[in-house]
Amino acid sequence: MPLQYLIALFIGLPILELVLLFELHGVVGFVPTVLLVFLTGIAGAALVRRQGLSTLLTIQKELNIGNLPAPQMMDGVMILIAGALLVTPGLITDVVGFSLLIPLVRERIRLWLRKKLEQKMRDGYIQVNVNGRETR
């Protein structure tokens, strides 16, 4: 991701989040807006903890039987990102964070990432060495 997109994201997203929170405040009032922010943070943290522990146990089981738990490890990263987004005050970050806690969404992201990785390998942008031999 180019640097200008990251800068726009880190500057633009908080501004957009503030605008949405002010709009919500105008519609439902101050107390419900603050309660919503706190409740989504608490609920998100609880869901992240539960799914994170479950994923960790699955990773341990897969390792114990000798399997590489790549999908579960990717899920763990996405759950970690979800946790960071859910404890960040804002409506957009909450929607994205809660979306990452849905297994079907994570599966779709894994498939998309796999296709992108395979395409990069076919195009020669990524090279993999296995036992000293280069594969594409």
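Coordinate-derived values only; no laboratory data. Fair warning: this is a prediction, and the values are worked out from it, not measured in the lab. Here the Cβ is made from the backbone with ideal geometry for all residues, glycine too, and neighbour counts use every protein chain on show.
Using only alpha carbons, build the gyration tensor for the chain and give me the equivalent ellipsoid semi-axes, biggest first, whole Å.
Details: eigenvalues 256, 94, 19 Å².
Value: 36, 22, 10 Å, ordered largest first.
Please give the FRET efficiency for residue 39 paired with residue 4, using the beta carbon to beta carbon distance and R0 = 30 Å, rounded to the nearest 0.05.
Using R0 = 30 Å, I get an efficiency of 0.30.
Quick one: length gained pulling residue 15 to residue 110 fully straight, 0.36 nm per residue minus the C-alpha distance?
Contour length minus the Cα-Cα distance gives 31.2 nm.
Between 60, 51, 119, which gets the highest mean-square fluctuation from a Gaussian network model of the chain, Cα cutoff 10 Å?
119
So if R0 is 25 Å, what FRET efficiency would residue 96 and residue 70 give, r being the distance between their Cβ atoms, rounded to the nearest 0.05?
Efficiency, from the Cβ-Cβ distance: 0.60.
Relative to the longest principal axis of the chain, what angle (0 to 90°, nearest 10) does the C-alpha long axis of helix 70-86 take?
Result, in degrees: 20.
With an 8 Å cut-off on Cα pairs and a minimum separation of 6 or more residues, tell me the relative contact order of the chain in percent.
20
Between residue 130 and residue 50, what FRET efficiency comes out of the Förster formula 1/(1 + (r/R0)^6) with R0 = 25 Å and r the beta carbon distance, rounded to 0.05?
Details: r = 37 Å, r/R0 = 1.48.
After rounding to 0.05, the efficiency reads 0.10.
In deg cm²/dmol and to the nearest 500, what is the mean residue ellipticity at 222 nm of the chain if only DSSP H runs of at least 4 residues count, each as -39500 (n - 2.57), divided by the residue total?
Helix contribution divided over all residues of the chain: -28000 deg cm²/dmol.
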